[in-house]
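Asker: Let me give you the structure first, and then I'll get to my questions.
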Amino acid sequence: MGRAPERHRRPGRLHRAKYGFCRALINGALLLWAFISLFPIYWTVTTSFKTAVDVTQGHLIPWVDYQPDWRGWRSLGLSPDRIGETSTARDEFVQRFTNSITASLGASILAVAIGSLAAYGLSRFKYKFGPWRNDDISFFFLSQLILPPVVLALPFLVLYKELAMLDTKLGLIMVYTLMVLPIVIWIMRDQFGAIPVELEQAALVDGASLWGAFIRIVLPIALPGMVAAFILSVVLCWNEYFFAALLTSTDAKTLPVMVASQTGSQGIDWWTMAALSTAAISPLVIIGIFLERYIVKGLTAGAIK
């Protein structure tokens, strides 16, 4: 057969050209957005290796605009030449870092345990409290996020003072649990709602108890959602500043409070704050890199039924 007429080949080429142009445009927009999103992290990390002159002059590229220096990390006792020496700043950083880990992990574990049970009940059983039904109860939990934290400042101060829980890690764990519990319930309710009830009914027919069906059948399927809820809770608790600054003073102070305390009457040591901020966000970056697939799978598992 002969070659196709030119008029039949042009639409295909034009379509491919338009498709290639649109794809290049989308990729360019995504690269621009990635640059905008990652630039603050780049700025923070590079600033931790700057001196005062480099910070004030706005140098951006190390080894091109300026020579990196360990000044910011040295002030924390975390530079290679100070890591083996005794450092009060490093001891304080380790204590605040430990407090943040304890409060974040403790609150996240507690919130996932309580929130999963509450979400399972809302997805499997029918409740009625006056005019309220399951959807109303779920929205009530989520609506707690609308309340500004400053509204709860005075009640929490009075309550924690009476319970002798001011400046304690247990007090932070409790308030952090209340803070992230609505999000956990909302995520896990969608997770359990996406699991067919027939699986549990089959387990009950085979002789399993209600708790046995929940632990052996439902929880393994909902595990990605639980991991996503746990990671999201850890991130929110790790970055929380208001309650940590309000309810702690010395023993239970966390990293965000320590970062904010770098400001003083003589100005801000940007290199020290940048080094401290870099060390503070490093665990979250590691979690995001290695557990990204769990986060995506957990947050999208209930999207399609």
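The values are calculated or read from the model by the stated rules, or taken from the named source; none is laboratory data. For clarity, every value in this text was computed on a predicted model and none was experimentally measured. Positions of Cβ are backbone-derived with ideal geometry, glycine not excepted, and every protein chain shown enters the neighbour counts. Side chains are part of the model used for accessible areas, which takes the heavy atoms of the whole protein and leaves out ligands, DNA and RNA. Shrake-Rupley method; radii C 1.70, N 1.55, O 1.52, S 1.80 Å.
Asker: Modelled with pLDDT of 90 or more and open to solvent by 80 Å² or more (accessible area, probe 1.4 Å) - does that describe any residue in the stretch 14-23?
Answerer: So far as the stretch 14-23 goes, no, none of its residues is modelled with pLDDT of 90 or more and open to solvent by 80 Å² or more (accessible area, probe 1.4 Å).
Asker: Could I ask something else about it? Could you tell me which of the residues S75, S48 is under 26 Å from K253 (Cα atoms), touching a helix residue (DSSP H, G or I) at 6+ places or on another chain (Cβ under 6 Å) and open to solvent by 40 Å² or more (accessible area, probe 1.4 Å)?
Answerer: When all the criteria are applied, what remains is S75.
Asker: Another question, if that's okay. Among F35, F49, which is of a type outside the set (D, E), under 33 Å from the mean Cα position of the chain (by Cα) and outside any helix (DSSP H, G or I)?
Answerer: Selected residue: F49, the only one of F35, F49 that is of a type outside the set (D, E), under 33 Å from the mean Cα position of the chain (by Cα) and outside any helix (DSSP H, G or I).
Asker: Grab the helices (runs of 4 or more DSSP H) fully contained in the stretch 151-262, keeping just those with 2 or more residues being more than 22 Å from I109 (Cβ to Cβ).
Answerer: The helices (runs of 4 or more DSSP H) meeting that bar are 153-162, 197-205, 210-213, 242-247, 255-260.
Asker: Considering only the stretch 227-248, I want to know if a residue exists there that is touching a Gly at 6+ places or on another chain (Cβ under 9 Å), open to solvent by 30 Å² or more (accessible area, probe 1.4 Å) and modelled with pLDDT under 85.
Answerer: Checked the stretch 227-248: no residue is touching a Gly at 6+ places or on another chain (Cβ under 9 Å), open to solvent by 30 Å² or more (accessible area, probe 1.4 Å) and modelled with pLDDT under 85.
Asker: Assess whether A29 counts as being of a type in the set (A, V, I, L, M), over 30 Å from G72 (Cα atoms), at pLDDT below 90 and more than 23 Å from the chain's Cα centre (by Cα).
Answerer: No, not satisfied.
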